[in-house]
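Notes follow once the structure below has been shown.
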Amino acid sequence: MLDLVNGLKSMCVGYVVQNRQKLGFWVGSLAVIVPLSIGFLSPAWSYEPDTAPSTEEPSGLLPMSCQPTQATQAIGLTRFVSDVTQTAAMIEQPAIGIETLFGSIAPQMLAYLSAPAFPDIHQRARSAKVPVVMYHDILPEKQVFFDVTPEELEQRFQEIKQKGVTPITMDQLVTHLRTGLPLPEKPILLTFDDGYSGHYEHVYPLLKKYNYPAVFAIYTTKVGKKIGRSSLTWEQLREMAKDPLVTISSHSVTHKVMSGLTKEQLQLETQESKRILETELGVPVRYFTYPEGKFDAQAVEAVKEAGYAAALTMDDNDERLAGKSDNLLTIGRVGQSRLLEMLDVAWGGAKLPSWSQSFDFTAPVTRTDATIDNTPFIFVSGGKPITIHARTRAQVPEILEGTEAIAAVDGGFFSLEFLDSNAMLGPVFSQSEGTFIPGKRGEIPFLDQRPLVLISPTAVKFVPFDHKKHNTLESIQAELPNVTDAFVAAGWLVENGQAQPLERFGRLYSVNELRHRAFWGINQAGQPQIGVSTEPIGSVDLGAALAKAGFRHAVMLDSGASTSLAYKGASLVGYTPRPVPHVVALVPPANELNTNCALVSAR
């Protein structure tokens, strides 16, 4: 992979420098090719609306003039192509350089091209925490418990601002779910269902005042008619639809619950509502909202056949963050009564994977839970990695007591000769002791080719252990200057983003048996990441899962009965693990540190 990246970099440098004039031609070509390629990634279909409203009776069928349109990813790719047009000018400035240009654009391009099959959600997006909040009517005097007054809504908008939360568009959310591209640090999506007049009279002015985008779900038979308590008019909707802050979502024709409808009824509710809205408003309608949030498999298929890029649901008994949804056609929401709770939960996801080999030890330490290939995992990432070599064996939360570390996973193999021994297998060097302890000569030949983990204040390095040259402090300093921590891990799981085969584990005992597993490494954003599988898994399958999770490099740690993970003082495994003497820990960035604690403690 590194050879490929370096080769592409060299090609970019050579081509751009020697062919600046031709660059404009290729940028123009990209502008054409990119939108076309997106059609293959996630096909979405719509038609060009007529200039005047149709007078035909609903037929339940799409017009024959349907044309493939750009899927949601094309929004970001159009921006990408726009950025590329600046390349020629940037190359003239050596301070910027092709390295910076390539490193920033290539990961974005790769994210679009590696999107999963529609309507699946990207694995990286599943670790983010994006609430989609559902509102109904906004009116001066409440009539039912879920109504909201304009004053209450503005108060919520102010709290959104005070908490540093960023309202996003539906396009942004869908692009994130499709590609895994990160959102703003604390994102939220606001949605308003059923087309009440209060949406124009109260919500729309507040959106403009705060510059907040929102989604309005409209069912067409209600527009301009006295159905229920109040309704938007087509004139009001046209004004709103022209505003970039507003996204119009189809909410069906009649607002019938779609579970159990016939195929013909489903076609009418999904396809005809789309046609009417696009014809009346003159904007594409890419999204659907299920009436009352209810659906069945046939309803989902009808939404897909109608060409929608995504659909919103709602289940009062199973409110979900967007990334926890089954797929793009069943995106979960939460009720507006939980908005304040969601402001503290929202997180836009990990940074975009980098094609460089740089490190980021400044990110906040965060926990994420994910299920990959049917195996559940707990990950903790961010901060600065260190190791702690305790004086005796203990539970991981106990080892962290009195230190600045906020999370840790059990580390290298240790001797079982004595119950309270802290003797490790292989050489060990830890900040907690500050003394290099060589491995025993009779043991270390059996560790050859296992990962030697080297940590410095600014970098991490994994090299194959060689007992003939890696058993002194000077030898590991030759591998990584300023090294502060070192130990031999159990086996290679991911190297340069690629899962490692069974042969890479050498003679490791019971390597592919189903066991609880502990691991750590560097993710594609250059951040340290530790974790465990909460159900048994083989080592080869573990490597495959961690590659999908976005690890650049990952190594296996002592596992089985020793598998331990602690975060914020609590154990995260559902059993009492074997006490261990060694952990890989994460220290929060300097601005989050409690200066009353020592950096590490030898306990």
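The values are calculated or read from the model by the stated rules, or taken from the named source; none is laboratory data. What you are looking at is a predicted structure, and each value in this text was computed from that prediction instead of being measured. Cβ: placed from backbone, ideal geometry, glycine included. Neighbour counts: every protein chain shown. Quick note on the areas: whole protein, heavy atoms, side chains included, nothing else; ligands and nucleic acids left out. Shrake-Rupley method; radii C 1.70, N 1.55, O 1.52, S 1.80 Å.
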If ligands, DNA and RNA are left out, what is the accessible area of Asp120 with a 1.4 Å probe, given in Å² to the nearest 10? 80
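With a probe of 1.4 Å, find how much accessible area the range 425-553 has per residue, and write the answer as a whole number in Å². Before the final figure, lay out each step's value.
Values: 5280 Å² over 129 residues.
Roughly 41 Å² per residue, with all protein chains present.
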Would you mind putting 280-289, 560-569, 472-481, 161-170 in packing order, based on average other-beta-carbon counts within 10 Å, highest first? 280-289, 560-569, 161-170, 472-481
Just to verify a number: FRET efficiency for Ala423 and Gln158, C-beta to C-beta distance, R0 = 51 Å, to 0.05? 0.30
In nanometres, the difference between 0.36 nm per residue of separation and the alpha-carbon distance of Asn496 and Ser415 is 26.1 nm
What is the packing order of peptides 234-242, 188-196, 251-259, taking the mean over residues of other C-beta atoms within 10 Å and listing the highest first? 188-196, 251-259, 234-242
Unit charges on C-beta of K, R, D, E only; dipole of the range 356-442, Debye: 300
Subtracting the Cα-Cα distance of Asp315 and Lys209 from 0.36 nm times their residue separation yields 35.1 nm
Cross-link partners of Lys225 among lysines (Cα-Cα below 19 Å; sequence separation of 8 or more within a chain): Lys256, Lys274
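Based on the Cβ-Cβ distance from Thr392 to Thr458, what FRET efficiency comes out when R0 is 41 Å, to the nearest 0.05?
Working from the Cβ atoms, E equals 0.85.
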Kindly state, to the nearest 0.05, the FRET efficiency for Gln449 paired with Glu185, given R0 = 60 Å and r defined as their beta-carbon distance. 0.90
If you filter the range 137-232 for GluC sites (Glu not before Pro), then keep DSSP loop positions with at most 13 other Cβ within 10 Å, what is left? Glu141, Glu185
Gain on full stretching of the segment that runs from Asp466 to Thr221 - 0.36 nm per residue minus C-alpha separation: 80.8 nm
Provide the solvent-accessible area of Glu535, counting protein heavy atoms only and rolling a 1.4 Å probe, rounded to the nearest 10 Å². 90
